[in-house]
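Notes follow the structure.
The values are calculated or read from the model by the stated rules, or taken from the named source; none is laboratory data. A quick note: this is a predicted structure, and the numbers were derived from the prediction, not measured. Every residue, glycine among them, receives a Cβ derived from its backbone with ideal geometry; neighbour counts consider all protein chains shown.
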């Protein structure tokens, strides 16, 4: 495969006979690439299987004006920094380009354009099936990320057909929104950023279900992540008291109710339901709308994982990515172990941990099936 005139190490799809590997990584986003870096340093025989045609493609599925809220100095993967000003916040396209360059720089082995449709457990490992290939491996890492299936409330179906509905997953630019009054539902960073962008061209309302802790982007001339990193907050685990308090909470970076109001956005409490083209809020107020942008997050979709490592609701059961299935791991989930587990600049910590677990799988002191030695908890 050639990307931007530079060859990338890829492997073609195999037929029904498939191919065999020591380790397969499913997903070539930031988590999968970071893990690939560490496995390559182990001189391990591995393959990264990616559904898209290029690594890091998920970034190009976000809105065009998106920028990281972490500066470049805190946004690089191991061994290869993001080029440019370390204090700037890289935009979406630069992040996607950086991930492609990262894979080329380290010549990571990729099988792109291969969505894994089913993962089965076998006697001595696993079998990952795609539409055209079958890959066998002793160990498998599921690094498909936390943003899989768009989530919207059940009452979205109660909105009239003339109301344009779009999830943040499909939103790219204000041109995607029909003229008229727009309501953004969701009070996290995504909701605030989309509402602010839309406010430049139309009347915008923002529904915030639960208040998030706002933090300024810069404090005393330094980016807020400098302080969070120095204080160790980004590496506080789910096993610590602070980590348990922070888990499940979102933090607004560079946005706040006060600043968004200054942009002309009208704030509302939680949206509770709809009748026709009118949305009703928790305080009883009603608002006729022309467009609803759902910034209501995602839910996991691991239905293709045919291994008993999921809760009845479909969430992974693990501790820091290690499951009870020997040689099967998760990587890159939100709060998988720390606040930084799903962030590009900190995923390397979990990636190195999983790489160490993969290496320990072969230890003579370990049972033949490589039973993980860490405690487990449901996420």
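Couple of notes before you dig in:
- Annotation: of all residues in segment 227-249 being under 22 Å from residue 190 (Cα atoms) and in contact with a strand residue (DSSP E or B) (Cβ under 8 Å, 6 or more places away or on another chain), the one that is surrounded by the fewest Cβ atoms within 10 Å (Cβ to Cβ) is 249.
- Residues of segment 173-207 satisfying the condition of being surrounded by fewer than 15 Cβ atoms within 10 Å (Cβ to Cβ) and part of a loop (DSSP other than H, G, I, E, B): 173, 178, 179, 180, 200, 201
- Filter result (part of a helix (DSSP H, G or I) and under 13 Å from residue 145 (Cα atoms)) within segment 333-349: 347
- Those strands (runs of 3 or more DSSP E) lying entirely in segment 74-157 with at least 1 residues buried (at least 21 other Cβ atoms within 10 Å of the Cβ) and in contact with a helix residue (DSSP H, G or I) (Cβ under 9 Å, 6 or more places away or on another chain): 134-142
Matching residues to (1) assigned to a loop (DSSP other than H, G, I, E, B); (2) modelled with pLDDT under 95; (3) under 18 Å from residue 116 (Cα atoms):
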residue: 274; (1), (2), (3): no, no, no
residue: 280; (1), (2), (3): no, no, no
residue: 283; (1), (2), (3): yes, no, no
residue: 287; (1), (2), (3): no, no, no
residue: 292; (1), (2), (3): no, no, no
residue: 302; (1), (2), (3): yes, no, yes
residue: 308; (1), (2), (3): yes, no, yes
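- Residues in segment 216-226 that are surrounded by fewer than 18 Cβ atoms within 10 Å (Cβ to Cβ) and not in a loop (DSSP other than H, G, I, E, B): 218, 219, 222, 226.
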